[in-house]
1. Alpha carbons only, please: Rg and Dmax for the range 205-315, in angstrom.
2. Can you classify the range 109-158 as rounded, prolate or oblate using the Cα gyration tensor, where a ≥ b ≥ c are the square roots of its eigenvalues, rounded means a/c under 1.5, and otherwise it's prolate if a/b beats b/c and oblate if not?
3. If you take the square roots of the eigenvalues of the alpha-carbon gyration tensor of the range 145-272 and sort them as a ≥ b ≥ c, do you get rounded (a/c under 1.5), prolate (a/b over b/c) or oblate?
4. I need the per residue convex hull volume for the range 323-470, using only the alpha carbons, in cubic angstrom as a whole number.
5. Within the range 230-265, find all residues whose amide N lies under 20 Å from a label point positioned 7 Å from the Cα of ASN276 along Cα-to-beta-carbon.
6. Could you work out how far apart the two model spin labels at VAL420 and ASP337 are, taking each label as a point 7 Å from the Cα in the direction of the beta carbon, and quote it in nm?
7. Quickly rank 366-372, 209-215, 236-242, 129-135 as a protection proxy: mean count of other C-beta atoms within 10 Å, highest first.
8. How far is it, in nm, from the label point at MET165 to the one at ARG286 when both lie 7 Å from their Cα along the line to the Cβ?
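Since every read-out is calculated from the coordinates, none of them should be taken as a lab result. All figures in this text were calculated on a predicted structure; none of them were measured in a lab. In this analysis, Cβ positions are derived from the backbone assuming ideal geometry, glycine residues included, and neighbour counts consider all displayed protein chains.
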Amino acid sequence: MRLYNTLTRQQEEFAPADARTVRMYACGLTVYARGHIGNFRTFVCVDVLRRALKYAFGWQVHEVMNFTDVDDRTIAGAEKAGQPLREYTDQFIEAYRDDARALGLESVEDNPRATDEDNLRAMADMIKALDQRGHTYRSDGSIYFKISTLPGYGGLSRIDQSGIMAGARVDSDNYTKEDARDFVLWKATKPGEPTWDFGTGPGRPGWHIECSAMALRLLGQPPIDIHAGGVDLIFPHHENEIAQAEGATGKPFVRFWFHVEHLLVDDQKMSKSLGNTYTVPDLAARGYRPSAVRYLLMSGHYRKQLNFTFASLVQAEESLRRLTDFLARLGTVSGGDAHPEMAARVEEAATAFKNALADDLNTAAALAALFDLVRAVNSAIDAGDLSAPDAKVVSDCFARADQVLGVIGLRQQEEATPPVPASEIEELIDARQAARRRRDFSEADRIRQDLAGRGILLEDSASGTRWKRK
Ligand code: AMP
Ligand code: ZN
């Protein structure tokens, strides 16, 4: 598989260093608010990467995705809400888990919270190692990373070294490239802020040290294979993660940096600070199902910006429906003998699908390969040329593809829990049939309309009545 590596700014052949297990870390949600679908664009793309590594390329994956539950934003939020930090962040972790489940994200091997004691200890230990190797200094009780001690500093974001203000410091977690300075590793206690002491003096971690320490605590010796996040994290967060991990260990931190482009709204990044966000429940309240949201978020290439509009969500819904209607149609094919040409056509589609994924996770091309197959098979069904064994080969191909896409099964799960219980729908279909048999068409119509009003559509065909969600 070829992956674009932000470190080298080019596509490179990827395989895990030990040829077996991909050790990857993804920066998770800062839990000061419910994650919006911009955050979830990154999480969905990382989920598709994870699934492709496992199901298309056959590697094992050990993935760590953290919760940033202590930083400037979470502390400010908890203070404003008048809640203890842990209690304040708990609610957003819960909400993340609900949304992640709804969007079909596979659960990952580790979801560490920065404020878990083991993690705080690992951060303190990394700071002590940095101290021993001469990369730190103290000022007013805080500990800083001295970037002039690491000649390679800035290599990921390719900052202009001449712009770096030698000796100047920055205390906030986030800042721009123009403000590249010595950054804070451990912040001195402030009144009202949570504080810990694991041998580096009382205080709390800076945001950047959290990820370096948790990644190496849970994944082991550097370099890890892949580190993922949105493009906004390249500087300063990932640059500083590299400085900390490499400064502390003397070894390269990460082999491949995987960065997902932004979800935009009206050409601006979807972000809390701009007030242009939508969450999964916001969209559900407007009648858009999480499966359609997942489809939209993964249907474009991850390195291209994606502009969010309701029209694009409707289009995603239609595309997804074309796939599920097609699979339902396949289910109606019966009898006949296997056609070797059809097996060959399916093999061709499966190869095109895998090749697209191998080409820097080109999900758009992978989906196109599936839709080509849909067209070819539909024509065969129209011509009466598709047998039940052929249909099985085709549906198996879609099932394998969906291990990576994770969207058709998600839709089927949603369908299995429709807004009206399936048993009630079946009873109403029977009652409607009975009404029609006794020529009570107004009762039959009333039943149809009752279900339509509750989001269930009935479709009559020669073989009987099927229902589907609106
Ligand atoms: P945060 O909660 O701000 O730490 O962000 C969590 C993840 O979401 C990070 O990987 C960010 O880069 C990513 N992210 C934030 N906003 C967007 C966006 N509009 N589009 C894509 N990814 C985003
Ligand atoms: Zn991080």
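1. 17.4, 52
2. oblate
3. Rounded, because the longest to shortest axis ratio a/c is under 1.5.
4. Hull volume normalised by residue count: 120 Å³.
5. Residues 230-234, 260-265 fall inside that zone.
6. Calculated label separation equals 4.5 nm.
7. 209-215, 236-242, 366-372, 129-135
8. 4.1 nm
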